[in-house]
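Notes follow once the structure below has been shown.
The values are calculated or read from the model by the stated rules, or taken from the named source; none is laboratory data. Note that the structure is a prediction, hence the values are computed from the model and not measured. A quick note on method: Cβ atoms are made from the backbone with ideal geometry, for glycine too, and the neighbour counts reach across all protein chains shown. Each accessible area value is taken on the protein alone, full model and side chains, heavy atoms only, with ligands, DNA and RNA left out. Shrake-Rupley method; radii C 1.70, N 1.55, O 1.52, S 1.80 Å.
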Amino acid sequence: QVQLVESGGGLVQAGGSLRLSCAASERTFSRYAMGWFRQAPGKEREFVTVISWTGGTTHYADSVKGRFTISRDNAKNTVYLQMNSLKPEDTAVYYCAAGSNSGAVVAGQIFGSWGQGTQVTVSS
């Protein structure tokens with residue numbers, strides 16, 4: 001079972017940037033599509049972005065399109081989320097997830113259980 005550890009969250013002012021990282025425990029990481037989700041207080045967890053196992057295909061939620069960029073380094077078993085032009089509504093706990101393909105990740109069909117996530121707080 002793949003284990004994922006998110007890091008890089010913090011407190012930032014609106015308009016600022018953060019870079020999240022997600023390190024995977026398995027050598028088969030490069031075969032998985034990887035995604036980021038987030039959950040704000042009182043709200044359900046929502047899809048943010050996904051990247052295919054090759055890194056060649058990405059998809060974004062409309063709310064983050066043009067501001068967030070997902071990338072991966074298969075040699076380091078790590079996926080990244082670069083977040084620019086942050087808004088207070090981006091405040092949430094961010095989770096990464098692995099799936100068999102991008103469509104599965106978008107649908108929430110992920111491997112294993114959710115990790116602890118990393119808190120992102122954007123002040124106005």
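Structure above, values below:
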| quantity | calculated |
| --- | --- |
| Output for the stretch 31-44, where each listed residue is open to solvent by less than 80 Å² (accessible area, probe 1.4 Å) and either assigned to a loop (DSSP other than H, G, I, E, B) or of a type in the set (S, T, N, Q) (or both) | Y32, Q39, A40 |
| Looking only at the stretch 15-30, and only at residues there that are open to solvent by 50 Å² or more (accessible area, probe 1.4 Å) and of a type in the set (G, A, S), the one that is modelled with the lowest pLDDT | S25 |
| Output for the stretch 1-16, where each listed residue is assigned to a loop (DSSP other than H, G, I, E, B) and more than 25 Å from A98 (Cβ to Cβ) | A14, G15, G16 |
| Scope the stretch 52-66; condition outside any strand (DSSP E or B) and either touching a strand residue (DSSP E or B) at 6+ places or on another chain (Cβ under 7 Å) or in contact (Cβ under 8 Å) with a residue 40 or more places away in the chain (or both); matching residues | S52, W53, G55, T57, A61, V64 |
| Top-ranked residue of the stretch 69-124 - restricted to ones that are surrounded by 22 or more Cβ atoms within 10 Å (Cβ to Cβ) and either of a type in the set (D, E) or without any contact (Cβ under 8 Å) to a residue 40 or more places away in the chain (or both), ranked as farthest from T54 (Cα to Cα) | D90 |
| Filter result for V79 (within 22 Å of Q1 (Cβ to Cβ) and touching a Cys at 6+ places or on another chain (Cβ under 6 Å)) | yes |
